[in-house]
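Enquirer: Sending over a structure as structure tokens; questions will come in a sec.
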Amino acid sequence: MLMASHPTVKKEVIHFTKMHGIGNDYIYINCMESAPDDLPRLAIEMSDRHFGVGGDGIVLICPSDKADFRMRMFNNDGSEARMCGNASRCIAKYVHDHRLSEKNTINLETLSGIKVLSLNMKGDEVESVTVDMGRPELLPAKIPVDFEGDKMVEEPVTTSCGQINITAVSMGNPHGVIFVDSLDDVDFNALGPELEKHPIWPDRANIEFVQVVNPSEVRMRVWERGTGETLACGTGACATVVAAALTGRTGRKVTVHLRGGDLGIELTDAGRVLMTGTATKVFDGVYERP
């Protein structure tokens, strides 16, 4: 008996590099020549920690007509993000290590504008990266957050756990910063998703719970919109220091201790926010798209 033959379906093969910025892990894809199709679905597939590569999302390194490179990123739920500080540091290391750039200062186009990445070198290795994150936005309409005043600073918001005071800041993406006496006392897994989708946020928000250690140190846990809890969030650390300085809790140069590691945040006299941290390669791989 002759068996019917079936045409072989050629699978899409995607080369990638897994990297993390103090535990905030993404899958990096070089798209300087071409990019995969259906990126939201690809992000869901590849980010799955059981059936995919595993990560907080995917990051595409693309050509730009405005800067040295352009970043696109998708969360593990398929939603497109505007910007990620940890991912931008990893991009700086990626383009250096893959010889896509010989510069020690790289301009990166994002949906939140062009960010300047400064590579801090130790010999030929990228030891850390400093990102000029730009100026924070406090005007509610531009964050965006549904609030009538000129800025939302420690305003009470009703939740299932009672009223919680929130400071709203945008670092190119919306953040709600909440100061607590102890992170250990926060019902994080209940409040994180509830506040991410609270009606005050037209486009959801990242939520930071912050414990002040002293005027130059804070501890932080973050619930990222579209992802859930991550070990670190660069824009969240920046928003936290902006809110802490604004409310007189810290100075303008602060170490933020996150679950994945530390970030150095500095508020300059010109009103800009500088973020310094590491970027780490985990492994290279090839993904055959189902």
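The values are calculated or read from the model by the stated rules, or taken from the named source; none is laboratory data. Here the structure is a predicted model, which means the values were calculated and not measured. A quick note on method: Cβ atoms are made from the backbone with ideal geometry, for glycine too, and the neighbour counts reach across all protein chains shown. For the accessible areas, the whole protein counts, side chains as well, though only heavy atoms, and no ligand, DNA or RNA atoms are used. Shrake-Rupley method; radii C 1.70, N 1.55, O 1.52, S 1.80 Å.
Enquirer: Test of understanding: what is the full-extension gain from Asn120 to Arg135, defined as 0.36 nm times their sequence separation minus their Cα-Cα distance?
Expert: 3.2 nm
Enquirer: Compare the Cα positions of Met46, Asn76, Ile61 along the charge dipole of the stretch 1-98 (+1 at Cβ of Lys, Arg; -1 at Cβ of Asp, Glu; about the Cα centre) and return the one farthest towards the positive end.
Expert: Ile61
Enquirer: Against the longest alpha carbon principal axis of the chain, how many degrees, from 0 to 90 and to the nearest 10, is the axis of helix 234-246 turned?
Expert: Once rounded, one gets 10 degrees.
Enquirer: Would you work out the relative contact order for the stretch 116-235, in percent, from Cα pairs under 8 angstrom that are 6 or more residues apart?
Expert: 18
Enquirer: Per 5 Å bin, what percent of the C-alpha pairs of the chain does each bin hold, from zero upward?
Expert: 1, 6, 12, 17, 18, 16, 12, 8, 5, 2, 1, 1, 1, 0, 0, 0, 0
Enquirer: May I pose another question? In cubic angstrom, how much convex hull volume per residue do the alpha carbon atoms of the stretch 1-106 span?
Expert: Once divided by residue count, the hull of the stretch 1-106 is 140 Å³.
Enquirer: While we're looking at this one, here's another question. Using 0.36 nm per residue, how much length does the chain from Arg49 to Glu217 gain when fully extended, once their Cα-Cα distance is taken away?
Expert: Length gained, Arg49 through Glu217: 57.2 nm.
Enquirer: Subtracting the Cα-Cα distance from 0.36 nm times the residue separation, let me have the gained length for Phe188 to Glu154 in nm, one decimal.
Expert: Gain on extension, Phe188 to Glu154, equals 10.4 nm.
Enquirer: For the stretch 42-98, with every protein chain kept in place, what is the accessible area per residue (1.4 Å probe, Å²)?
Expert: 34
Enquirer: Running a GNM on the chain with Cα contacts under 10 Å, which residue among Ile61, Ile114, Ile200 ends up with the highest mean-square fluctuation?
Expert: Of Ile61, Ile114, Ile200, the Gaussian network model singles out Ile200 as fluctuating most.
Enquirer: What residues have an amide H closer than 5 Å to that of Val282, excluding those fewer than 5 places away on the same chain, when H is modeled at 1.01 Å from N in the peptide plane?
Expert: Amide H to amide H, under 5 Å and 5 or more residues apart or across chains, Val282 pairs with Lys18, Met19, His20.
Enquirer: Using θ = phi - 60° and the Karplus relation 6.51 cos²θ - 1.76 cosθ + 1.60, list the HN-Hα couplings for the stretch 171-187 in order, rounded to whole Hz, with x at every Gly or Pro.
Expert: Karplus-based 3J(HN,Hα) across the stretch 171-187 equals 10, x, 8, x, 9, x, 9, 10, 8, 10, 5, 8, 5, 5, 9, 8, 7 Hz.
Enquirer: Also: Suppose R0 equals 41 Å; then what is the FRET efficiency for Lys10 and Lys142 from their Cβ-Cβ distance, rounded to the nearest 0.05?
Expert: 0.30
Enquirer: Another question, if that's okay. Please compute the modelled spin-label separation between Glu33 and Asp284, points set 7 Å along Cα→Cβ, answer in nm with one decimal.
Expert: That separation, rounded to one decimal, is 1.4 nm.
Enquirer: Quick one: which residues, 5+ away or cross-chain, put their amide H under 5 Å from the amide H of Arg70? H built at 1.01 Å from N.
Expert: Residues meeting the criterion, in which the H sits 1.01 Å from N, are Cys62, Ser64, Glu109.
Enquirer: In terms of the Cα gyration tensor, with a ≥ b ≥ c the square roots of its eigenvalues, is the stretch 122-194 rounded because a/c is under 1.5, prolate because a/b exceeds b/c, or oblate?
Expert: Verdict is oblate for the stretch 122-194.
Enquirer: With each label point set 7 Å from Cα along the Cα-Cβ vector, what nm distance links Leu111 and Arg272?
Expert: Taking the simple label geometry, Leu111 and Arg272 are separated by 2.4 nm.
Enquirer: May I have the count of lysine pairs in the chain with C-alpha atoms under 19 Å apart, counting pairs 8 or more residues apart or located on different chains?
Expert: 14
Enquirer: In Å², and per residue, what accessible area does the stretch 156-290 have when probed at 1.4 Å with the other protein chains present?
Expert: 40
Enquirer: Would you kindly derive the ³J(HN,Hα) couplings of the stretch 139-153 from the backbone phi angles with the Karplus curve 6.51 cos²θ - 1.76 cosθ + 1.60 (θ = phi - 60°), listing them in order in whole Hz, with x for Gly and Pro?
Expert: Residue by residue, the stretch 139-153 yields 5, x, 5, 9, 6, x, 8, 7, 8, 7, x, 7, 7, 9, 10 Hz.
Enquirer: Give me the net charge of Gly23's neighbourhood, meaning all other residues with Cβ under 15 Å from the Cβ of Gly23; Lys, Arg count +1, Asp, Glu -1.
Expert: My count for the surroundings of Gly23 gives +2.
Enquirer: I would also like to ask the following. Using a 1.4 angstrom probe on heavy atoms only, work out the carbon and sulfur share of the accessible area of the stretch 62-181 in %.
Expert: Of the solvent-accessible surface of the stretch 62-181, carbon and sulfur hold 42 percent.
Enquirer: In terms of the Cα gyration tensor, with a ≥ b ≥ c the square roots of its eigenvalues, is the stretch 184-265 rounded because a/c is under 1.5, prolate because a/b exceeds b/c, or oblate?
Expert: Judged from the Cα gyration tensor, the stretch 184-265 comes out prolate (a/c at least 1.5, a/b above b/c).
Enquirer: For Cα pairs less than 8 Å apart in space and 6+ apart in sequence, what is the mean separation divided by the residue count of the chain, i.e. the relative contact order in percent?
Expert: 20
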